[in-house]
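Here's the structure, in structure tokens; my notes come after.
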Amino acid sequence: MVTAAIKATAYCLNYASELGLHYGTTTYQERKAHPESPFLASLAGAVRPFDAICQYAPHLAYIGAIDTNALEALPRPHLDNPVAQAQRFGEFGEIMPEDEFLGLLDICDVFDLVWLEKGFAASVRPALESHPLLGPEQLKRLGQGREATAITEEVNQRHALPLYYHGAVVGCCRPGHDVDENLSAHVLLENLASKAGAVLALLHLIKNAGMKPDDIDFVVDCSEEAVGDINQRGGGNMAKAIAEIAGCGNASGFDLRAFCAAPVAAIITSASMVACGARKNVAVVSGGSIPKLYMNAREHVKKNVPPMENVLGCFALLLTPDDGTLPVIRLDALGKHTVAAGASPQAVTTALVWEPLQAAGLKFADVDKYAPELHDPEVTVPAGAGNVPEANFKMIAALAVMKGQGEKAAIPDFVRQHGVPGFAPTQGHIPSGVPFLGHAAKAISNGTMQRAMIIGKGSLFLGRLTNLADGASFMVEAPKPAQGSVSRQDVEAVILEVLGDLASRLKG
Amino acid sequence: MDLQNQQRVKDATEQYGAENTVVVLGASDAEGAGIYAETVTAGDPTFAGPLAGVSLGLPVYHILDPLLKAEADPAAWEEQISMMEMVMDGDALAASVAEMREKHGKNVL
């Protein structure tokens with residue numbers, strides 16, 4: 001069996017409410033069309049503050065402050081039942097407040113695109129200096145800031161986008177080119193935010209792995225943004241830009257995109273590079289997506305539900321050669337949605353769940369937990385999109401019934417036993433199974449889980465080149481103990497046994 | 001219903017006529033299905049898309065409506081729909097769509 005190990009995982013959220021209020025797709029388009037929109041006024045009044053974000057149980061599950069079993073046991077709705085103690089840091093990562101995140105944007109900017117106002121830059125510096133993972137390598141990049149008048153001038157005269165904190169302009173993101181829309185301030189702000197989130201996750205990953213930045217050989221980015229210019233939209237290489245800021249001097253990298261299936265595709269690609277010996281320590285990373293912030297807020301505001309799409313989701317995973325002790329990704333039984341597979345849920349579930357189980361000689365019940373799209377239902381249900389993970393678990397259970405491996409009446413039991421509560425922010429690529437990998441790897445290492453299946457799905461029609469469905473899946477499971485080497489004594493014993501047998505035959 | 005799909009429905013209706021157009025929904029959420037049905041009958045309730053203020057009154061049905069299942073090829077149904085039939089609440093979905101169709105529809109099958 002071809003495998004690669006999961007050595008460490010990291011999951012972070014960046015609180016980015018004011019970025020969302022101005023530059024999320026929904027809010028940005030509304031502001032352009034209706035600057036005095038009642039919806040925008042209502043949304044601004046309904047924003048949840050940072051402390052409330054750190055008390056929201058699904059977020060705490062994301063950063064590993066609680067596990068998914070604990071999340072399941074907590075009273076719902078989580079929005080009405082905040083965790084008593086706000087937690088910024090969890091076992092896997094952290095929730096970074098917005099002022100620090102704006103400072104991190106400046107740290108991650110190497111083209112003088114982000115200008116912070118002097119007073120704001122001075123106020124955020126101590127917080128970043130006391131951050132446990134930002135070292136001199138990063139902090140030397142934090143500027144002293146600019147005069148407020150200079151920022152106003154950039155915004156009013158040179159198409160820079162204002163950056164806000166507590167409703168006031170505290171900086172701006174400048175365009176990278178006079179006419180190239182691929183380098184507009186808006187596009188660059190999205191790219192920089194994704195880069196900054198991924199840098200933070202990568203720093204947590206390196207700490208969680210007990211390694212040094214120089215130990216990382218290769219970085220694969222699977223975020224949502226297209227990095228490039230008018231001559232090559234989406235040219236890349238976000239991964240290498242992230243590695244540079246994180247101080248991974250020995251790393252190279254590349255980007256992989258496949259809409260929301262990209263993280264799973266990137267993990268399969270990276271695990272394959274590790275398993276064949278091409279790379280040793282490969283980090284799969286992703287920052288978050290500004291466009292998705294407050295994406296469904298119109299419905300939330302209408303229904304008087306707190307708008308919780310205020311965080312950018314980020315993660316980083318470290319894949320290393322299978323040493324017989326760490327949880328492993330199986331590469332002999334991958335889920336692959338082919339061109340001819342079809343787009344119906346039945347066809348997609350068959351390709352991504354049934355076929356890899358068949359390839360591995362396993363039954364549906366042999367997988368302890370399935371992790372498909374793990375959207376937080378308290379965000380999606382009020383938006384009219386239903387409970388996405390629960391719908392996926394029901395589909396897997398129904399397919400098991402069709403394959404003669406369960407009873408229809410037992411579908412709810414299957415969902416309870418093999419499902420995972422949705423806890424991922426609705427950030428497109430983030431929910432697709434990968435947030436569970438940290439919890440799964442931990443449970444496998446603890447011996448409380450044998451196997452999980454991670455399932456990513458993508459909506460390719462969004463790019464207007466094909467109507468095909470897409471997806472990929474893999475299983476992560478307990479390692480097989482390394483086989484010991486054969487000793488000289490073992491060989492001698494076998495030879496003596498064979499010779500003895502031969503001698504007795506000759507005698508006969 | 002996203003703006004592109006609203007435009008597709010509008011274009012198809014203009015091209016073939018409302019009397020020759022049927023909308024078949026596959027939504028898994030009853031509330032969402034109701035909103036889609038409202039969009040293609042009364043018009044876009046969010047007033048954001050091409051069907052804002054446009055009451056097409058189209059006959060709209062959920063795929064799990066028994067009326068449509070009776071018309072389907074059983075083999076294709078088994079291959080494409082049967083799994084989701086086990087998962088989705090067909091009665092609630094069909095009822096949610098029927099409510100909008102009966103309230104705002106101008107054509108029925």
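Can you compute the FRET efficiency between B:THR46 and A:ALA70 using 1/(1 + (r/R0)^6), with r the Cβ-Cβ distance and R0 = 30 Å? Round to the nearest 0.05. Provide the component values of the computation, followed by the final result.
Working: r = 38 Å, r/R0 = 1.25.
So, using R0 = 30 Å, E works out to roughly 0.20.
Relative to the dominant Cα principal axis of chain A, helix A:388-402 is inclined by about 30°.
Would you mind checking segment A:104-142 for residues with the amide N under 16 Å from a putative spin-label position 7 Å along Cα→C-beta of A:ASP214? Only A:136-137 fall inside the zone, counting backbone N under 16 Å. Cross-link pairs exceeding 25 Å in C-alpha to C-alpha distance, out of A:LYS363/A:LYS442; A:LYS302/B:LYS69; A:LYS195/A:LYS292, comprise A:LYS302/B:LYS69.
Could you tell me the calculated FRET efficiency between A:GLN405 and B:ASP89, based on Cβ-Cβ distance and R0 = 30 angstrom, to the nearest 0.05? For A:GLN405 and B:ASP89, the calculated efficiency is 0.80.
Going 7 Å from the Cα of B:SER55 along its beta-carbon direction, which residues of segment B:10-37 have the amide nitrogen within less than 13 Å of the resulting point? No residue qualifies, since no backbone N sits under 13 Å from the label point. Averaged over its residues, the protein assembly as shown has an accessible area of 43 Å² per residue, based on protein heavy atoms and a 1.4 Å probe.
Remark: the A:GLU492-A:LEU465 segment gains 3.3 nm on full extension, using 0.36 nm per residue and subtracting the alpha carbon distance.
Which trypsin sites (Lys or Arg not before Pro) does segment A:126-187 hold that lie in a coil by DSSP with at most 12 other beta carbons within 10 Å? Please report the intermediate quantities before stating the final value.
On the way: sites: A:LYS140, A:ARG141, A:ARG146, A:ARG158; in loops: A:LYS140, A:ARG141, A:ARG158.
Of the trypsin sites (Lys or Arg not before Pro), the ones in loops of segment A:126-187 whose Cβ has at most 12 other Cβ atoms within 10 Å are A:LYS140, A:ARG158.
If R0 is 30 Å, what FRET efficiency do you get for B:LYS106 and A:SER42 from their C-beta distance, rounded to 0.05? Working shown, then result.
On the way: r = 35 Å, r/R0 = 1.15.
Taking R0 as 30 Å, the efficiency between B:LYS106 and A:SER42 is 0.30.
Dividing the convex hull volume of the alpha carbon atoms of the protein assembly as shown by its residue count gives 196 Å³ per residue. Angle check, please: helix A:148-157 long axis (alpha carbons) against the longest principal axis of chain A (alpha carbons), in degrees 0 to 90, nearest 10. In chain A, helix A:148-157 runs at an angle near 90 degrees to the longest axis.
Simple spin-label estimate for A:ALA148 and A:ALA33 gives 3.4 nm between the two label positions (7 Å along the Cα-to-Cβ direction from each Cα).
Karplus-based coupling profile of segment A:285-295, in residue order and whole Hz: 10, 7, x, x, 10, 4, x, 7, 4, 6, 4, with θ = phi - 60° in 6.51 cos²θ - 1.76 cosθ + 1.60 and x standing for Gly or Pro.
Here the simple spin-label model places points 7 Å from the Cα toward Cβ, and for A:LEU502 and A:VAL2 these points are separated by 3.9 nm.
For the residues of A:443-453, the average number of beta carbons from a partner chain within 10 Å of their own beta carbon is 0. Applied to segment A:9-14, the Karplus parametrisation 6.51 cos²θ - 1.76 cosθ + 1.60 on θ = phi - 60° returns per-residue 3J(HN,Hα) values of 9, 8, 9, 10, 10, 10 Hz, with x for Gly and Pro.
Between 0 and 90 degrees, the angle of helix A:435-446 with respect to the longest Cα principal axis of chain A falls at about 40 degrees. Extension gain, A:PHE89 to A:LEU362, is 94.5 nm, computed as 0.36 nm per intervening residue step minus the present C-alpha separation.
For segment A:365-468, trypsin sites (Lys or Arg not before Pro) are listed when DSSP marks them as loop and at most 11 other Cβ atoms sit within 10 Å of their Cβ; the list is A:ARG464. Please sort by residue number the GluC sites (Glu not before Pro) in segment A:16-106 whose DSSP state is loop and whose Cβ has at most 12 other Cβ atoms within 10 Å. Loop-located and lightly packed - A:GLU36. In segment A:258-385, Cα pairs under 8 Å separated by at least six residues give a relative contact order of 25 percent. Other residues with beta-carbon under 15 Å from the beta-carbon of B:ASP73 carry, at +1 per Lys or Arg and -1 per Asp or Glu, a net charge of -3.
Using a 1.4 Å probe over the heavy atoms of the protein chains, calculate the carbon and sulfur portion of the accessible area of chain A as a whole percent. Can you show the working numbers first?
Numbers: 11110 of 20950 Å².
Roughly 53 percent, rounded to a whole number.
May I ask you to compute the full-extension gain from A:THR338 to A:HIS186, defined as 0.36 nm times their residue separation minus their alpha-carbon distance, rounded to one decimal in nm? Mind dumping the intermediate values first?
Values: separation 152, 0.36 × 152 = 54.72 nm, distance 3.52 nm.
The span from A:THR338 to A:HIS186 would gain 51.2 nm if fully extended.
The values are calculated or read from the model by the stated rules, or taken from the named source; none is laboratory data. Computed from a predicted structure; not experimentally measured. When we count neighbours, we look across all protein chains shown, and the Cβ atoms used for this are built from the backbone with ideal geometry, even at glycine. Only protein heavy atoms, including side chains, enter the accessible area calculation; ligands, DNA and RNA are left aside. Shrake-Rupley method; radii C 1.70, N 1.55, O 1.52, S 1.80 Å.
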